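The values are calculated or read from the model by the stated rules, or taken from the named source; none is laboratory data. What you see is a predicted model, and the numbers here were worked out from it, not measured in a lab. All Cβ positions, glycine included, derive from the backbone under ideal geometry; neighbour counts span all protein chains shown.
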Amino acid sequence: MIKLLKIEWLKIKSYNAFIVISAFFALGVFAANYLVYYFKKNVIDPSDPTGLISGGSPFDFSKVWQTVSYVSGYMLLLPGMLLLILVTNEFTYRTHRQNIIDGISRIEFTQVKLLLGVITAAACTLLVIFAALLFGATAGNGSFSLDGIENIAYFFLKALTYNFIAILLGVLIRRTGFAIAVYFIYSVVENGISLMLLGWSVKLKKDSNIDFGNLGNYLPMNASDGLIYSPFSNFTNMAKKFLPSDYTWVVLSLTLLYLVLFYFWSQKRMVTSDL
């Protein structure tokens with residue numbers, strides 16, 4: 001597998017899409033968090049100097065792991081799109097067929113792509129850790145703390161989910177443009193369905209006192225999204241009595257289940273489909 005990973009690296013290290021998308025993701029992580037810092041400092045703080053409503057700085061070390069993980073999560077469509085392009089390029093240029101002719105099995109071909117998804121998720125997570133340390137040291141007011149560090153693990157699972165969905169779509173669709181369109185359209189549609197399910201969950205709790213949690217968080221992408229709560233808890237806490245309960249263990253279990261499903265579905269598709 002190490003040899004296959006080296007081959008993958010040779011394919012992508014000088015690939016313009018890899019360089020550009022990676023740069024945009026890294027820039028986006030820092031820019032998005034800086035915008036939150038700027039908005040908090042220059043818009044919210046002047047109108048709420050005591051922090052009674054806003055709840056203090058979201059970049060204090062007691063909150064920074066959650067804040068940076070939450071904000072950076074909005075950038076995860078980019079590495080997913082990169083993996084989608086890399087997978088579909090194999091089919092566009094028939095390199096997948098040549099690799100199999102040269103002795104790489106179909107399972108190995110799929111596994112190395114999935115492993116690349118794991119490595120990409122890990123690299124994104126390391127960047128988020130660095131960003132959290134940087135913003136915590138420069139924009140926070142408290143001393144160093146690991147409170148909320150579990151959000152880093154949740155971010156990794158979220159990145160892995162987005163990557164595995166992208167790889168699955170690449171194996172299923174095989175055409176770059178169409179696969180990218182489906183990837184982004186699916187993310188929009190699922191978020192829309194998730195909002196409708198949240199509304200239904202609120203209605204169930206209000207009208208029937210039935211609390212299944214936020215049903216929107218039980219969808220494939222939104223399961224991993226639902227692991228990281230908004231850092232601006234003072235606002236959400238005001239509406240807590242109207243919102244469904246947070247069943248983190250259910251959402252986490254579904255996230256892991258979806259990852260296993262995407263893993264084996266990708267392999268099965270590659271093994272059973274025509275070259």
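Quick check on Leu204: is it surrounded by 14 or more Cβ atoms within 10 Å (Cβ to Cβ), in contact with a helix residue (DSSP H, G or I) (Cβ under 6 Å, 6 or more places away or on another chain), modelled with pLDDT of 85 or more and not hydroxyl-bearing (Ser, Thr, Tyr)? Can you show your working first?
Details: surrounded by 14 or more Cβ atoms within 10 Å (Cβ to Cβ): yes; in contact with a helix residue (DSSP H, G or I) (Cβ under 6 Å, 6 or more places away or on another chain): no; modelled with pLDDT of 85 or more: yes; not hydroxyl-bearing (Ser, Thr, Tyr): yes.
Considered against the rule, which asks whether it is surrounded by 14 or more Cβ atoms within 10 Å (Cβ to Cβ), in contact with a helix residue (DSSP H, G or I) (Cβ under 6 Å, 6 or more places away or on another chain), modelled with pLDDT of 85 or more and not hydroxyl-bearing (Ser, Thr, Tyr), Leu204 comes out as no.
To keep it simple, each residue is scored yes or no on (1) under 27 Å from Asn191 (Cβ atoms); (2) among the hydrophobic types (A, V, I, L, M, F, W, C); (3) in a helix (DSSP H, G or I).
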site: Ile129; (1), (2), (3): yes, yes, yes
site: Leu133; (1), (2), (3): no, yes, yes
site: Gly136; (1), (2), (3): no, no, yes
site: Ser143; (1), (2), (3): no, no, no
site: Phe155; (1), (2), (3): yes, yes, yes
site: Thr161; (1), (2), (3): yes, no, yes
site: Ala166; (1), (2), (3): yes, yes, yes
site: Gly170; (1), (2), (3): yes, no, yes
site: Ala179; (1), (2), (3): yes, yes, yes
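Out of Gly148, Gly142, Gly136, Gly117, report the one residue that is small (Gly, Ala, Ser) and in contact with a Lys or Arg (Cβ under 8 Å, 6 or more places away or on another chain). If you could, list the steps in order and put the result at the bottom.
Working: Gly142 fails: in contact with a Lys or Arg (Cβ under 8 Å, 6 or more places away or on another chain); Gly136 fails: in contact with a Lys or Arg (Cβ under 8 Å, 6 or more places away or on another chain); Gly117 fails: in contact with a Lys or Arg (Cβ under 8 Å, 6 or more places away or on another chain).
Answer to the selection: Gly148.
List pairs: first residue in region 248-270 and under 16 Å from Leu215 (Cβ atoms), second residue part of a helix (DSSP H, G or I) and hydrophobic (A, V, I, L, M, F, W, C) anywhere in the structure, Cβ distance under 7 angstrom, at least six positions apart or on different chains.
Val251/Ala223; Leu254/Ala223; Thr255/Leu157; Thr255/Ala223; Tyr258/Ala223
Being assigned to a loop (DSSP other than H, G, I, E, B), in contact with a Pro (Cβ under 6 Å, 6 or more places away or on another chain) and among the basic types (Lys, Arg), is that true of even one residue in region 60-70?
Within region 60-70, the subset assigned to a loop (DSSP other than H, G, I, E, B) is 60-63.
Among the residues that remain, those that are also in contact with a Pro (Cβ under 6 Å, 6 or more places away or on another chain) are: 63.
Applying the additional criterion that residues be among the basic types (Lys, Arg) yields 63.
Taking every residue of region 60-70 in turn, at least one turns out to be assigned to a loop (DSSP other than H, G, I, E, B), in contact with a Pro (Cβ under 6 Å, 6 or more places away or on another chain) and among the basic types (Lys, Arg).
Taking Val43 as meeting all but one of (1) within 25 Å of Ser145 (Cα to Cα); (2) modelled with pLDDT under 85, write down the number of the exception.
(1)
Restricting to region 10-23, give me the number of residues that are out of contact with any Leu (no Cβ under 6 Å at 6 or more places or on another chain) and surrounded by 12 or more Cβ atoms within 10 Å (Cβ to Cβ).
Going through region 10-23 one residue at a time, the tally reaches 8.
Going residue by residue through region 103-118, is there one that turns out to be part of a helix (DSSP H, G or I), within 24 Å of the chain's Cα centre (by Cα), free of Cβ contacts under 8 Å to residues at least 60 places away in the same chain and surrounded by fewer than 22 Cβ atoms within 10 Å (Cβ to Cβ)?
yes
Suppose we keep only residues that are aromatic (Phe, Trp, Tyr), surrounded by fewer than 16 Cβ atoms within 10 Å (Cβ to Cβ) and under 21 Å from the mean Cα position of the chain (by Cα) within region 169-201. Which one would you say is nearest to Leu77 (Cα to Cα)?
Pass one, region 169-201, residues aromatic (Phe, Trp, Tyr): 178, 183-184, 186, 200.
This time we only want the ones that are surrounded by fewer than 16 Cβ atoms within 10 Å (Cβ to Cβ), so: 178, 184, 186, 200.
Subset that is under 21 Å from the mean Cα position of the chain (by Cα): 184, 186.
Values: Phe184: 8, Tyr186: 11 Å.
Checking each candidate, the answer is Phe184.
Take region 251-267 and flag every residue that is within 17 Å of Leu115 (Cβ to Cβ) and of a type outside the set (A, V, I, L, M).
Looking only at region 251-267, we keep the residues that are within 17 Å of Leu115 (Cβ to Cβ), and these are 259-260, 262-267.
Once the filter is applied, which keeps residues that are within 17 Å of Leu115 (Cβ to Cβ) and of a type outside the set (A, V, I, L, M), region 251-267 yields Phe262, Tyr263, Phe264, Trp265, Ser266, Gln267.
Limited to region 76-102, what total is found for residues that are at pLDDT below 85 and aliphatic (A, V, I, L, M)?
2
Could you figure out which of (1) over 20 Å from Arg269 (Cα atoms); (2) at pLDDT 95 or above; (3) surrounded by 15 or more Cβ atoms within 10 Å (Cβ to Cβ) isn't true of Leu160?
Unmet for Leu160, out of (1) over 20 Å from Arg269 (Cα atoms); (2) at pLDDT 95 or above; (3) surrounded by 15 or more Cβ atoms within 10 Å (Cβ to Cβ): (1).
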